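Enquirer: Below is the structure I would like to discuss, written out as structure tokens.
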Amino acid sequence: MSRASTSALRSLTGLLLLVTLSACERGCLSTWLRGHGLGEVPTAPTIPKGSEAACPDGLARCRDGVVEVSRAYTPPGPCSPEGCRCPWDRLVTCKRGCVVDGMEMEMPRENAEKQLCAGDIGPAVARPAPPGFVPEGGTTDPEVLEAYCEVERYHCARSTIYQCDSGQAKPVVQCQAGCIQGEALIVEEISVEAATALLCVR
């Protein structure tokens, strides 16, 4: 595929993301991206029929100091113009508040409290990536690093958090116990410290 075709396809992918988000709660973004390769450009980008009506399992969020996890649910009929209201189970109240209030992420239920509640991040959890660092089995291919930045601000892969800057992903943090998922992403504009708390296993 030519570079021009790839650029056009990425633009279409971004448009589809906006359409998807307007039809459901923001948690659909994570599910949609994972279903399409975490930001990779699909060969034929389409929104699966009925995806706007399915409430995904495996999402977590922290709002007003309370950690909640999503529960799979399919509404009996079409969503309203305002979107579907998906069920969330209250899990725990954070002693020190949320790392980031209201942001939804895909992660195992058992990790939600540690990852989403604010707390100290020491060297046992993460350390800065040295200049020129490339993770074991990683890559310096600029096209791959550019792909990390198609929609996300931070991308965690191979125990390394990449921060997107001017369309290129740069390693900024090494997670000592790995990423919360095999690959995980954050779309929102947040600090490196907050991204470390959310993406590195604690």
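Enquirer: What does the convex hull of the Cα atoms come to per residue for the range 84-202, in Å³?
Expert: Output value, Cα hull per residue: 117 Å³.
Enquirer: Counting C-alpha atoms alone, how compact is the range 60-128: give Rg to one decimal and Dmax as a whole number, in angstrom.
Expert: Every Cα atom of the range 60-128 included, Rg and Dmax give 14.7, 49 Å.
Enquirer: Just to check I understand the Karplus step: with θ = phi - 60° and J = 6.51 cos²θ - 1.76 cosθ + 1.60, what whole-Hz values come out for the range 70-80, glycine and proline as x?
Expert: 7, 10, 4, 6, 10, x, x, x, x, 6, 6
Enquirer: Moving on. What's the extension gain from residue 193 to residue 134 if we count 0.36 nm per residue and subtract their Cα-Cα distance?
Expert: Details: separation 59, 0.36 × 59 = 21.24 nm, distance 2.02 nm.
Length gained, residue 193 through residue 134: 19.2 nm.
Enquirer: Under a Cβ-Cβ cut-off of 12 Å, what is the net charge of the residues other than residue 139 that fall near it, where Lys and Arg count +1 and Asp and Glu count -1?
Expert: Taking every other residue near residue 139 into account, the sum is -3.
Enquirer: Hey, what's the per residue convex hull volume over the C-alpha atoms of the range 136-202, in cubic angstrom? Write out the running numbers ahead of the final one.
Expert: Values: hull volume 5.1 nm³, N = 67.
With only Cα atoms used, the range 136-202 gives 76 Å³ per residue.
Enquirer: Next up: Whole-Hz Karplus ³J(HN,Hα) for the range 119-132, in order, using 6.51 cos²θ - 1.76 cosθ + 1.60 and θ = phi - 60°, x for Gly and Pro?
Expert: Per-residue couplings from phi come out as x, 5, 10, x, x, 6, 9, 7, 8, x, 6, x, x, x Hz.
Computed from the coordinates by the stated procedures, all read-outs in this text should not be read as laboratory data. Nothing here was measured: the structure is a model prediction, and the numbers come from that model. Here the Cβ is made from the backbone with ideal geometry for all residues, glycine too, and neighbour counts use every protein chain on show.
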